[in-house]
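No value in this document is a laboratory result; all are computed from the given coordinates. Here the structure is a predicted model, which is why all the values come from computation and not from measurement. Please note: Cβ atoms are built from the backbone with ideal geometry, for glycine as well, and neighbour counts cover all protein chains shown.
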Amino acid sequence: MTGVEQGIAMNTKRLSTLVATGIATGLMVTGAAALAAEPPKLTMTTDIPASITAPDRVETSIGTLDYFDGVPSAKTVETAYDYLDRSRAVNLFLNSIPMLSMNALREGQADAGCAKLNQICIFDDLMDSTTLLLTGNTSTMYAVGFLDLDQDGPTVIDLPTGMLGVLDDMAFRYMEDLGVAGPDKGKGGKYLVLPPDYQGEVPEGYFAVPSETNGVWVFMRGYLDKTLPLDQAIPAASANIRDKLKVYSLADKDNPPATEFIDVSGKEMNTILPNDDSAFEKLHALIQGEPDDYLGPEAKGMMAAIGIEKGKPFEPDARMQKILTDAAAIGNAAARAISFFPRDPGNLIYGEDSAWMMAYANKDTAFEQAGAYNLDARVLFHFGYIVVSPAMAVTVAGKGSDYALIALDAKNQPLDGSKTYRLHLPPNVPAKDFWALTMYDTQTRSQLQTDQQFPTLGSQTEGIVTNADGSYDIYFAPSAPEGKAGNWLQTVPGKSWWLALRMYGPEEAWIKQTWRPGEIELVK
């Protein structure tokens, strides 16, 4: 039983005893009528503002709350504590989504065989819909690893040339960019990741990166040479990583063990955070391996209020387990409401008249507004997306990539996999390199699993048809409309879906919004 639960039992027992023995005389006299009786006016009686008192009875969204002269009844005490525990658990669920997502990445990669610092999961043949990973794309050579600084101490990442990546900690906070956007500027180099509160010597010749957590996610993307056809560019990118990337403990720098590469293309791998009450168990397990103060006293207090503490077992009783199950369901609903129907204007690319949105509200990767956390923006991003880096929100004409997302049709209705839709892309799509549309599952926020291995269509797709004016019409349906097979992505009856439009090498017309995609129109 937690301290909160003990308090509930103690207070309820105390009030029940008062009632049973008649000590609470005013409550015993005439039942409900006595509750409404006015106390006598005595010599020192003054008018007390109603705003600082509790009425004898109040109707609320959590039920009727009864008091005897401001002292809650046993039933009201129970109701209030149930609500307090549930509301704290809901807030903890939502505020912990970044940590839960990072923990899911670590568990998923470990289950795929990448549990040690020198084991790297690589998508040698790119990522298809078999992998459950938040909004992974089908056009990039991914390589990912995980560090355990508590176990391995300062850790070296010897990065090849032509990479793009980032280091994020266990709270999914940005640490450092790798490769093109990092201090090596794409030329490669040795990064030294330092444990929390590291006091040792930092040798020369490294890009030193301090960490506030023991766990560190290593996310990397390999460069696909645009001068080569894809069937040559993909193996070349893989070879660059496999032949040159090294990850090892600084203590082993003189004779580092070989880096192992595990090909996970086409392999089942689940990296999605839990949407049920198991989230609280995962959270308890996560904090056991991290510094005691890495989240701060507010977050620690919120966890402790429902029984999650470092160094102590998490053993909710039947009452608390029921509350946690309810809280997770409410938190899941809130996260999905925020994700599919955001109310922050900063997520809307073209304003309220369009369903197109961006993952980072106001392109702010720190999720702050006027010095305060933008809580909904943080939930929206981490529930549906991964990789936190300022570079992800910077759009430079002709370089890198930019994204637009859409989950509703032109009438703001969820997309129905049993129906046929059309998306019109006007002429001269402003992407210097290429553009791509990828379909995602609204349940998993991962690639939609259909008969198409790669649920992506774009300017590099063989057989895609351009209209006479240079525009495109893309169709989404369970089966291809007649004559539209080259411009079709398959949907699944009984399921919803959503899209990401990626611009690789976005041009000025995209950045200044003089070109914009159409809305998704229902055909039938």
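Key figures for this structure:
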item	result
Cα centroid separation, the range 447-483 to the range 343-410 (Å)	26
Kirkwood Rh, Cα atoms: Rg over Rh of the range 435-474	1.06
Per-residue [θ]222 nm for the chain (sum of -39500 (n - 2.57) over DSSP H runs n ≥ 4, rounded to 500)	-8000 deg cm²/dmol
Cβ-based exposure ranking for 125, 169, in which fewest neighbours within 10 Å come first	125, 169
Label-point gap, in nm, between residue 372 and residue 413 - each point 7 angstrom along Cα→Cβ	3.8
Charge sum, other residues only, whose C-beta stays under 10 Å from residue 256's C-beta, Lys/Arg counted +1 and Asp/Glu -1	-1
Net charge of neighbours whose Cβ lies under 14 Å from the Cβ of residue 424, counting Lys and Arg as +1 and Asp and Glu as -1	-2
Between the range 140-187 and the range 231-276, the alpha-carbon center distance in angstrom	12
Sorted peptide list for 410-417, 320-327, criterion being average Cβ within 10 angstrom, highest first	320-327, 410-417
Modelled FRET efficiency - R0 45 Å, residue 115 with residue 469, Cβ distances, 0.05 increments	0.25
Two-decimal log10 I(q)/I(0) for the chain, as the Debye equation yields it once each C-alpha is a single scatterer, q = 0.06, 0.07, 0.09 Å⁻¹	-0.37, -0.49, -0.74
Simple label model, 7 Å out from Cα along Cβ direction - residue 262 to residue 298, nm	3.7
Residues residue 480 and residue 125, FRET efficiency given R0 of 30 Å [Cβ-Cβ distance, rounded to 0.05]	0.75
Net charge of neighbours whose Cβ lies under 15 Å from the Cβ of residue 452, counting Lys and Arg as +1 and Asp and Glu as -1	-2
Peptide ranges 373-384, 106-117 listed from the most packed, as the mean C-beta count within 10 angstrom indicates	373-384, 106-117
Extended-chain gain in nm, criterion 0.36 nm per residue less alpha-carbon gap, residue 42 and residue 326	97.4 nm
For the range 54-71, Karplus couplings with θ = phi - 60° (6.51, -1.76, 1.60), whole Hz, Gly/Pro x	10, x, 5, 8, 9, 8, 9, 5, 9, x, 7, 10, 10, 9, 10, 6, x, 8
Cut-off 20 Å, label 7 Å out along Cα→Cβ of residue 230, residues of the range 247-283 by amide N	264-267
Length-normalised contact order for the chain - Cα pairs under 8 Å, 6+ apart - percent	15
Listed peptides 437-449, 472-484 by packing density, highest first (mean Cβ within 10 Å)	437-449, 472-484
Stretchable slack from residue 452 to residue 151, in nm (0.36 nm times residue separation minus alpha-carbon distance)	104.2 nm
Length added when fully stretched, residue 394-residue 161, from 0.36 nm per residue minus Cα-Cα	81.7 nm
Likely footprinting exposure, 58, 492, fewest C-beta neighbours within 10 Å first	58, 492
Which of 139, 61 has the fewest Cβ neighbours within 10 Å, and the rest in rising order	61, 139
